[in-house]
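Heads up, the thing below is written out as structure tokens.
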Amino acid sequence: MFKFGRQKSIGDKGENKIYHFLHDHDLDVEKISYDQNNHHNGDLLIKKNTKKYIIEVKTDLYVNSRNFFLETNSNYESGTPGCIEASKSDFIFYYFINEEKLYIFKTSNLKKWLTRNKAVFINKNVKNKGYTTRGIPVDKQIIIDEVGICNFEDFLKEVS
């Protein structure tokens, strides 16, 4: 069983690592908090002139994992959509914290892929205290081949 406090702590560590990484690349980055309605609209915000880019950071602990875990329901019992479908971000940074390996996806591309393919994969239930998170484990290479990753240099060109 996953515990929210522990998972949040891991997510915060990943978010902080990415925040400092982007800041070290001279990007104007700030952390996003929940809005007044307690909606989560991303983790980090990059500002460039009049443009804004929202980043969602997903942090994973697994070492040498062959898969990305793509959340299909953050709370299955409530019918709450998963992170990717609900995200208002421009980019999703999927960070394997123990490997220090980062994958960058354009959110729109990952959303389209998930919409087309989520029924093809078997959902895995992750029990939390009082609710269940559901998602599909998908081989990294499938996502890389079919969605495409955004390398960091291209990301920098887009947001700089």
Subject >> 5 angstrom amide H check on residue 101, placed H, neighbours 5+ away >> reply: 96
**OP:** Would you kindly calculate the mean projected area, averaged across all directions, of the convex hull enclosing the Cα atoms of the stretch 56-145, in square nanometres?
**Re:** 5.8 nm²
Original post:
When only DSSP loop residues count, what GluC sites (Glu not before Pro) in the stretch 39-97 have their Cβ near at most 11 other Cβ atoms within 10 Å?
Top reply: 77
**OP:** Could you work out the local net charge near residue 160, counting Lys and Arg as +1, Asp and Glu as -1, over the other residues with Cβ closer than 15 Å to its Cβ?
**Re:** -2
Subject >> Karplus-derived HN-Hα couplings along the stretch 97-111 (A = 6.51, B = -1.76, C = 1.60, θ = phi - 60°), whole Hz, x at Gly and Pro >> reply: 5, 6, 9, 6, 10, 10, 10, 10, 10, 6, 4, 4, 5, 5, 4
**OP:** Provide Rg and Dmax in Å for the stretch 75-125, with only Cα atoms included in the calculation.
**Re:** 12.6, 34
Subject >> Contour excess over end-to-end distance, with Cα ends at residue 31 and residue 98 and 0.36 nm allotted per residue >> reply: 21.9 nm
Subject >> Sites residue 16 and residue 132 - FRET efficiency at Förster radius 22 Å, r taken between beta-carbons, to 0.05 >> reply: 0.20
Original post:
In straight Cα distance, which lysines are under 18 Å from residue 140, not counting same-chain residues fewer than 8 positions off?
Top reply: 58, 101, 106, 111, 112, 118, 124
Subject >> About the Cα centre, charge dipole magnitude for the chain (Lys/Arg +1, Asp/Glu -1 at Cβ), debye >> reply: 560 debye
Original post:
Any idea what the dipole of the stretch 36-122 comes to, in debye rounded to 20, about its Cα centre with Lys/Arg Cβ at +1 and Asp/Glu Cβ at -1?
Top reply: 520 debye
**OP:** Would you mind finding the longest exposed-site-free stretch of the chain, with exposed trypsin sites (Lys or Arg not before Pro) meaning DSSP loop and at most 13 other Cβ atoms within 10 Å?
**Re:** 4-65
**OP:** Would you kindly state how much longer the chain becomes between residue 139 and residue 151 on full extension, computed as 0.36 nm times their sequence separation minus their alpha carbon distance, in nm to one decimal?
**Re:** 2.5 nm
Subject >> Rg/Rg_ref, the stretch 102-159, where Rg_ref = 2.2 N^0.38 Å and atoms are Cα >> reply: 1.37
Subject >> Net +/- balance of residues flanking residue 150 in space, Cβ distance below 11 Å, scoring K and R +1, D and E -1 >> reply: -2
Subject >> Local electrostatic count at residue 30 - Lys and Arg +1, Asp and Glu -1, tallied over other residues with Cβ under 13 Å >> reply: +1
**OP:** Report the Stokes-Einstein translational diffusion coefficient (µm² s⁻¹, integer) for the chain, Rh taken as the Kirkwood radius over Cα pairs, at 37 °C with viscosity 0.692 mPa s.
**Re:** 201 µm²/s
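Rule-based calculations on the coordinates, nothing more; no lab input. As the structure is a prediction and not an experimental result, all values here were calculated from the model. Methodologically, a virtual Cβ is constructed for each residue, glycine included, from the backbone with ideal geometry; neighbour enumeration extends over all protein chains shown.
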